[in-house]
1. Extending each Cα 7 Å along its Cβ direction at residue 44 and residue 102, get the distance between those two points in nm, one decimal.
2. For the range 84-163, just the Cα atoms, rotate onto the principal axes and tell me the three extents in Å, largest first.
3. By how many nm would the segment from residue 153 to residue 124 grow when fully extended, if each residue of separation counts as 0.36 nm and the alpha-carbon distance is taken off?
4. With a 10 Å radius around each residue's Cβ, average the other Cβ atoms per peptide and rank 79-91, 33-45, highest first.
5. Can you tell me which of 132-143, 55-66, 164-175 comes out highest on packing, and rank the rest after it, using the mean Cβ neighbours within 10 Å?
6. Once you order the gyration tensor axes a ≥ b ≥ c over the Cα atoms, which shape class does the range 117-188 get: rounded for a/c under 1.5, otherwise prolate or oblate by comparing a/b with b/c?
7. Expressed as a rounded percentage, what relative contact order does the range 36-202 have, with Cα pairs under 8 Å and six or more residues apart?
8. How many angstrom lie between the Cα centre of the range 163-179 and the Cα centre of the range 24-62?
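Rule-based calculations on the coordinates, nothing more; no lab input. From a predicted model like this one, the values you see are computed outputs, not experimental measurements. Methodologically, a virtual Cβ is constructed for each residue, glycine included, from the backbone with ideal geometry; neighbour enumeration extends over all protein chains shown.
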């Protein structure tokens with residue numbers, strides 16, 4: 001019996017080490033940017049794990065970010081992101097991350113097509129984020145093939161001003177950001193169970209909230 005318990009412990013330790021050994025890359029980092037209409041950002045990513053976390057952090061003390069039309073495509077052009085344009089009207093397929101519950105917290109909003117932070121870039125819905133005093137955001141885990149190249153793409157608009165920031169990470173889960181431990185749907189990172197997190201994200205439903213501070 002002691003041998004069995006030791007074997008289980010070692011297996012868990014190896015699994016935890018495998019997760020923590022993964023790396024994440026900051027695909028885009030912006031701080032205190034001026035006003036910017038919807039702009040498309042793209043980057044190439046080579047997978048180092050069978051599961052890749054896409055994590056997006058927002059802070060906008062004076063006003064808002066708008067975030068829409070997210071894709072993560074393989075070499076055949078297949079988009080692996082679920083609900084990348086938020087057209088379900090909520091954040092189905094996504095996980096909430098960061099410091100949830102801060103003033104101006106991010107939410108899925110409705111808007112007409114346009115180029116500003118009150119508009120959707122694609123369809124009728126988008127992620128609006130005006131988090132004050134800290135960072136919150138979204139994450140999604142996708143299945144990837146080690147060594148295969150992928151393209152991350154999304155559209156981002158900014159009202160501008162200070163203090164504001166945006167970061168897009170790809171790779172392993174982000175364990176800490178801006179001095180704060182990061183939670184993925186309330187599960188402490190860096191030793192998550194990816195399949196459990198993915199299922200939890202699919203079951204979340206967000207509310208469409210009115211714009212604030214405008």
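1. Once both label points are built, they end up 3.4 nm from each other.
2. Principal axes ranked by extent give 39, 29, 24 Å for the Cα atoms.
3. Working: separation 29, 0.36 × 29 = 10.44 nm, distance 1.87 nm.
The span from residue 153 to residue 124 would gain 8.6 nm if fully extended.
4. Numbers: 79-91: 18.5, 33-45: 13.9.
Order by mean packing, descending: 79-91, 33-45.
5. Values: 132-143: 20.1, 55-66: 24.2, 164-175: 21.9.
By packing density, highest mean first, the sequence is 55-66, 164-175, 132-143.
6. Details: a/c = 1.98, a/b = 1.18, b/c = 1.68.
Taking the square roots of the gyration eigenvalues as a ≥ b ≥ c, the range 117-188 is oblate.
7. Values: 447 pairs, mean separation 65.0, N = 167.
39 percent.
8. Using only Cα atoms to place each centre, the spacing works out to 8 Å.
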